[in-house]
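Below is one structure, written out as structure tokens, with a few remarks after it.
Read-outs throughout are calculated quantities, based only on the coordinates presented, and are distinct from any laboratory measurement. These figures come from a predicted structure and were not determined experimentally. Cβ placement follows ideal geometry from the backbone for every residue including glycine, while neighbour counts extend to all protein chains displayed.
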């Protein structure tokens, strides 16, 4: 069951009308069922199928059009900044321990200059932040896009100095989440994803 319209509006920092319209759109797509007086419920199987289809469609675009990578980064910027804000409010001690372990593995990967391990742990860190949001729908959406994001990481992390800068950004995001600073977590993640977009543009040139 999804949170109430009022709670969703508060979490997403938008008006209740926008939330209501979004829910109605999701209902038309058969991703949720709305029972008046009871609330909105996710249609799990249909959601999984939809996300799989969405990921396949985006993957085709990434293979056909380089500019689609920049569009994916725009999605990440909007999505993950909000996720980091939620994580700062909801992360459990276990979530924080997982992030710390991933950051440690990232540091080791840089020291031994293993870029592929760094790419994987890069994705692991972002997955850990998403899980710390305690929102199953966000986790499902992010998982559907994970493989696409790994490909973009391989493109950007090969640039000189980018891996070290990425690790530093991750540490800033982690510290903001650990200190329960929602605004700083949102800002730190937004800046991090924005840098990735700038690096993608460098590769295109």
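Could you list 149, 189 in order of exposure, starting from the residue whose Cβ has the fewest other Cβ atoms within 10 Å? Please list the in-between numbers first.
Numbers: 149 21, 189 29.
Ascending number of Cβ neighbours within 10 Å: 149, 189.
State the extension gain, in nm to one decimal, for the chain segment bounded by residue 175 and residue 143, taking 0.36 nm per residue of separation less the distance between their alpha-carbons. Could you put the intermediate results ahead of the total?
Details: separation 32, 0.36 × 32 = 11.52 nm, distance 2.38 nm.
In short, 9.1 nm is gained.
With a Förster radius of 30 Å applied to the beta-carbon distance between residue 35 and residue 97, the computed FRET efficiency rounds to 0.20.
Backbone N atoms of the stretch 100-119 closer than 16 Å to the 7 Å Cα→Cβ label point of residue 203 belong to residues 115-119.
Averaging Cα coordinates gives a centre for the stretch 176-196 and one for the stretch 83-123; these two points are 14 Å apart. Dividing the C-alpha radius of gyration of the stretch 117-169 by 2.2 N^0.38 Å, with N its residue count, gives 1.19.
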